[in-house]
Amino acid sequence: MDYKNTVNLLETEFPMRGDLAKREPLMLDKWYKEDRYNKLRKKCKGRKKFILHDGPPYANGDIHLGHAVNKVLKDIVVRSKTIAGFDAPYVPGWDCHGLPIEHKVEKDHGKNIPAKEFREKCRKYAKEQVEIQKKGFKRLGILGDWENPYLTMDYKVEADTVRALGEIYKNGYLQSGKKPVHWCIECGSALAEAEVEYQDKVSPAIFVKFKIVDKNIFKAFNGSIDNNLDVYAIIWTTTPWTLPANQAICVGHDIQYALVKAHNSYLLIAKDLVESVINQKENVDHEIVAITEGGKLEGFKSQHPFYTDRIVPIILGEHVTTDTGTGIVHTAPAHGIEDYQVGLKYKLEIHNPVGDDGSFISNTPLFAGLKVWAANAKVIETLDEKQALWSQSKLNHSYPHCWRHKTPLIFRATSQWFISMDVANHAGKTLRKQALESIDKTGFSPSWGRARLEAMIKNRPDWCVSRQRNWGTPMTFFVHRETGELHPDSYTILEQVAQKIENSGIDAWFDPELTGESLHIKDAVNYRKLTDTIDVWFDSGATHFSVLKRREELLSPADLYLEGSDQHRGWFQSSLLTGCAINGRAPYNHLLTHGFTVDENGHKMSKSKGNGIEPIEIMNQYGADILRLWVASSDYSGELSLSNEILKRTADNYRRIRNTLRFLLANLADFNFANDEVKLDDLVEVDKYALIRLHSVQDKVVNKLYASFQFHLAIQELVNYCSEDLGGFYLDILKDRLYTSKADCHARRSCQTVLYHLTKSLALMFSPILCFTADEVWETIQNDKSDSTLYHTYHQVPVIHDSEMLQYKWGQIEELRVIILKELENKRVEGVIGSSLQADLVIKAEEQLFEILSALGNDLKFVYMVSSVVIEKATTTDVTVIPSSNLKCERCWHYSDTVGSNHEHNTICNRCVENVVGNGEIRQFA
RNA sequence: GUUUCUAUAGUUCAGUAGGUAGAACAUCCGCUUGAUAAGCGGCAGGUCGUAAGUUCGAGUCUUGCUAGAAACACCA
C-alpha cells in the first residue's frame, strides 16, 4: 500500500510566487469595476469619522519616489483606520495653479498668447498632468475617491479660495505694503525666484564714507580720543545706484569695530577688516585708537553722503558679516530683502525712487531719468565730488539675471498685499499668537515637528500673498485709483464675484466686461480692478475652507495632515495661517511628517548623480506591494533610503510573509469553519497557546503600533512573528499533526481552527500595507471573490482562559527547546543523526520543569519533533540525544518499536494504523 | 551661514529610568525533500559617525567636530 496517499497533503490556488507586477493590475481592474471605494463608504456609514486631508501634489510631471512614499503612508493610515472601525474617506487633491505650469505652457506655445487663451492652455495642461499622476497613484493601490478628487482649479474651489481671502480681509489681516522683488527692466515686471538665474557680472565696488553727526559716539569707545576730529563710517557696495534709496547703515551686534585714525579723521571699520580697507589706498598712515562692539553703536546718526537733508541711523542687523567689505552695510530697504527686513524692524521708510523701466523717477534729486546702470557712474562721480568716496574698484561676482533676457535684475520695492502676522484682530490677538497657540494644541509625529513649526512661525515675516501672474486665483478686489485703499464694500463685492467664478472659473474676474460699473459698486469710477493673483500656497493652504468644509463626507478640522518635512514651511504653515485667520484655529489636530528618499549612502536622489529609482520601475519589476512594504519597513521620521540591495531584502521579507500565508491557506483547504470548528475549551493545549500568542501580537500591532503610526515596528513585529512564533515553532511542530492524523479527527480540526483565526487575523493586519496580497488571501479564506479586507474590522481573536498559566508553561517548554535544538545540531554535526526524528531524547529536569514536561505525556515528543522522550528528575537540566534503534515508520517518519507489529500494515507504526483505518489518534497537548 | 533633524552588525530596525550591545533578513555551514524556485537548525558579523567631558560606570547625558537631510537666507 502506498501510504503517501493517506497523508493530508493539500493544495491551494494561492500561488507561491506573487507575480505581482503582472497580477496587481488585474486586481485593480476588478476593484474599480466593483467600485470598492464607494461600496466601502456605504458600509462605513454611521461610524466615527477619521479625516486624513490630502495635501495636493503639484500637477506637473510623472510621479516620483517621494510622491509614492507620501501616498503609500497616507494609504496605510486610511486603510488601518478603516479596518480599526472608522469611516475614513480619502479625497485626493491636486494643486493646479502657479508658475511651473505657466512656464511649461510658455515653453510649448510661446509667450505672446492672449491671457485668456493662455489660462485655457494652463487649465488643459494641468488636467492632463492630473490624469498622468492619478494613474500612477492608482497603480500603487492607493484607495481613494479618484472619480471625484479636488483640484484647486475647480471652479468651486477657485470661488471658495476667493471667499477664503474675503474672510481673512473681513477679519482684518489683509494689508497693503511695499516689498522688494526681483525686477526685470526688460520685462517690466517682477520675476519669481524660479525665473532668476545667477551669472557672473562685473560690478563697481565702492567704499563710501558716511559722516557720523553725533559726537556722542565717542562715548561708545574707551581710549584717548580727540573729540574734535570727524568720524566716518565706511560702507562697501557693489550697487552704487541703490545709494539714493539709502535709509540706514547697519552693523553687527557682536562684531568688533575699530576707530582708526587716518588722514586726520577717524574711520569706523570692523576691526578684522581694517587692513583690507585701508589698503584700498596706498601708503595711508593709520592707527587703531579704540575698539568697541557693534551693539554699542546702535542709534547714532550719520549724514547721507550726498543728500544733505537726510540723516540716517546706525542700526543692528544679523546679516552683517566680516567676510568682505567693511563690516558696515549700506541699507536701502527698497532694494534688498535683508535691508527690507531689517528696515521693517527699525520702521525705516521703504523709499523706492526707481520706476518700472529701471530709471529714477522725476523727483529724484541728481539722478532723475537716469537708468540705474547709468546712475552707477554718476553716483560715484557725485561721491567723489562730495569727498565721500574712499576708494573704488571692480568686482566680478555672481549676480541674478533674467532667465529670458539674460540681463541683470534689480531689487525694487513694489506694492504688494500681505497677510499680517502682527496686527491684532478684533479679539486683540495677532495671527502669530493665534498660530503659536494652535501649534500648542496640535499633536506632532515625530515630536520635534512642533519645535520646527514654532520656530518658523516665530520668525516669519508677513505673508506676501499677491503675485503678478496670469495662472492663479485672482485677488478680486477693487482699489481706489488714488489712495490704493480697498473699496469699503469689498466683502460683499467679493461674494458677487465668487458666484461668477463658481460658474465660469477665474476668467470671470479677468473678463474686461466685469467692471465696477457692471457690478454696480458705489463710486465705481474711482476704483480699479486688481490684476494680482494669489500666491498658490494660499490655494492649497485654504483647502480646509474650500474642500474640507464643502464636501459632505469630510470635516474640518481634519484629524491628520501627513506630508514630507518640507511642508513645515509649506502647506502645514499656509494651512495653519489661513485656518487661524479664518477660524481662529489650525485646520488639523495632528501633523505627521516623513523624510525624503535617499540612496544607501544617505545622499539624496538626483538625475545627475544617477542614483534615483523610479516607482514605476519598482512596480514593473517587483510590484506595488514590495514598494509599499519598503515604505512600511522604513522609519520615515528620518530619511528613507533605497537601493537595489534594500529592495531585494524587502522582497525577501515579502516572500516569507507570502509563504507563511500560503502554508496557512493550503492547510485549511479541507476545513470549513462553520462545520469543523473545535470549541475553545476543547482545543489541543498548544493550539490554545498559539491563540494566546496571536492575541497578544494582534493587540500590540493594532492598538499600539498602527494606532501610533509606527508602521515599521508593526511590520517588524509581524515578520518576526511569522518567522519565530509560526515558522520556527508552531507551524513546524504542527506539520506532523496536519499531515498524518486522520483528516477529520479532533486533533487536526483543533489546529485548523487556530490556523483559520491566524489567517484572518494576519490578512487583516497585513492589509493596510500589503493591500494586494492581503486581499488575495482574503478572497481565498472567505471563498468569495468579491469580498475584501476593507469591508471588515480587525479579527476577533478568541480569548483563552488561564492564559497566564499557559503562557508560563509553554514558555518553559519553548526555552528547553532551544537547548534541545542545540544538542540535536551537535549530533547532526557529528553525523550521528540527520533528521531530528531519528533521535530519541533523554531529558533531565528539575522538579518544576519535570512536572510541566511530564504533564504532556506522549505528546511531548511532537513538541520537540523527535521519536521519543524520556524525562528524568534531576537537580540540573540536561539533554541527551540518542539515535533511535527502532524502525522508521514509512508514513509518519517517526522511529517506533510498533513498526511491524500490525500484520496488515507492517511498514507503519500503531499511531498511523489508528489514523489510517481507526478513528484517528487523540491529541491533548500538542 | 541660520533653524530643525539624522548617524547602532552587509540590510531594515529595537535598545525603555545611564550598569558587560538585541531581533529579523542576508552571508556561511548543516539538515530536510510531505510549505520544495520552499521549510528547519547552527556558526559568524558591531571599538554603537568622531573627539573630549560629566559619572564608580554612557549607545543612552553635555559640548565640539565630521558626514548626510529638509527649510530658510545670502553674495551688500
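The set of residues from segment A:740-796 being within 26 Å of A:LEU629 (Cβ to Cβ) and among the hydroxyl-bearing types (Ser, Thr, Tyr) comprises A:TYR756, A:THR759, A:SER761, A:SER767, A:THR773, A:THR780, A:SER786, A:SER788, A:THR789, A:TYR791, A:THR793, A:TYR794.
Screening segment A:717-795 for helices (runs of 4 or more DSSP H) wholly inside it with 2 or more residues that are open to solvent by 10 Å² or more (accessible area, probe 1.4 Å) and basic (Lys, Arg) returns the ranges A:746-766. On inspection, A:LEU243 fails the criterion of being aliphatic (A, V, I, L, M) and open to solvent by 10 Å² or more (accessible area, probe 1.4 Å). Apart from one condition, A:GLY141 fits all of (1) surrounded by fewer than 23 Cβ atoms within 10 Å (Cβ to Cβ); (2) in a loop (DSSP other than H, G, I, E, B); the exception is (1). A single member of A:ALA258, A:ALA233, A:ALA248, A:ALA205 is within 11 Å of RNA strand B (Cβ to nearest atom) and closer than 30 Å to A:ASN279 by Cβ, and it is A:ALA205. The C-beta contact set for segment A:897-926 (first residue aromatic (Phe, Trp, Tyr), second residue open to solvent by 40 Å² or more (accessible area, probe 1.4 Å), distance under 9 angstrom, 6+ apart or interchain) comprises A:PHE925/A:ALA855; A:PHE925/A:GLY857; A:PHE925/A:ASN858. Does segment A:880-898 contain any residue that is modelled with pLDDT of 95 or more, within 16 Å of RNA strand B (Cβ to nearest atom), open to solvent by less than 20 Å² (accessible area, probe 1.4 Å) and not in a loop (DSSP other than H, G, I, E, B)? Yes; the residues of segment A:880-898 include at least one that is modelled with pLDDT of 95 or more, within 16 Å of RNA strand B (Cβ to nearest atom), open to solvent by less than 20 Å² (accessible area, probe 1.4 Å) and not in a loop (DSSP other than H, G, I, E, B).
Of all residues in segment A:114-138, those satisfying the criterion of being under 21 Å from A:ALA508 (Cβ atoms) and open to solvent by less than 30 Å² (accessible area, probe 1.4 Å) are A:PHE118, A:ARG119, A:CYS122, A:TYR125, A:ALA126.
Does A:ARG649 fit the bill of being near RNA strand B (Cβ under 10 Å from one of its atoms), within 20 Å of A:CYS771 (Cα to Cα), at pLDDT below 95 and basic (Lys, Arg)? It is true that A:ARG649 is near RNA strand B (Cβ under 10 Å from one of its atoms), within 20 Å of A:CYS771 (Cα to Cα), at pLDDT below 95 and basic (Lys, Arg). So, in segment A:899-913, of the ones that are of a type outside the set (Lys, Arg) and under 16 Å from A:LYS861 (Cβ atoms), which residue ends up nearest to RNA strand B (Cβ to nearest atom)? For segment A:899-913, the residue satisfying everything is A:CYS912. If only residues of segment A:660-692 that are free of Cβ contacts under 8 Å to residues at least 40 places away in the same chain and not in a helix (DSSP H, G or I) are counted, the one that is nearest to RNA strand B (Cβ to nearest atom) is A:ASN672.
For segment A:905-912, does any single residue satisfy the condition of being within 59 Å of the chain's Cα centre (by Cα), of a type in the set (Ser, Thr, Tyr) and surrounded by fewer than 19 Cβ atoms within 10 Å (Cβ to Cβ)? The answer is no, given that none of the residues of segment A:905-912 is within 59 Å of the chain's Cα centre (by Cα), of a type in the set (Ser, Thr, Tyr) and surrounded by fewer than 19 Cβ atoms within 10 Å (Cβ to Cβ).
Matching residues to (1) under 25 Å from A:GLU349 (Cβ atoms); (2) of a type in the set (Lys, Arg); (3) part of a strand (DSSP E or B); (4) over 30 Å from the mean Cα position of the chain (by Cα):
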| position | (1), (2), (3), (4) |
| --- | --- |
| A:GLU167 | no, no, no, no |
| A:GLY172 | yes, no, no, yes |
| A:LYS178 | yes, yes, yes, yes |
| A:CYS187 | no, no, no, yes |
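Pairing each residue of segment A:1-22 that is over 22 Å from A:GLN782 (Cβ atoms) and assigned to a helix (DSSP H, G or I) with any residue that is more than 10 Å from RNA strand B (Cβ to nearest atom) and open to solvent by 60 Å² or more (accessible area, probe 1.4 Å), provided the two are 6+ apart or on different chains, yields C-beta distances under 6 Å for A:ALA21/A:ASN620. Taken over segment A:332-353, the residue count meeting the criterion of being over 23 Å from A:ALA368 (Cα atoms), away from RNA strand B (no atom under 15 Å from the Cβ) and of a type in the set (D, E, K, R) is 1. The criterion of at least 2 residues that are aromatic (Phe, Trp, Tyr) and open to solvent by less than 60 Å² (accessible area, probe 1.4 Å) is met, among helices (runs of 4 or more DSSP H) falling completely within segment A:485-571, by A:507-510.
The values are calculated or read from the model by the stated rules, or taken from the named source; none is laboratory data. The model shown is predicted, which means the values in this text are computed figures rather than measured ones. We place every Cβ from the backbone using ideal geometry, glycine too, and count neighbours over all the protein chains shown. Keep in mind that these areas ignore ligands, DNA and RNA; they rest on the heavy atoms of the full protein, side chains included. Shrake-Rupley method; radii C 1.70, N 1.55, O 1.52, S 1.80 Å.
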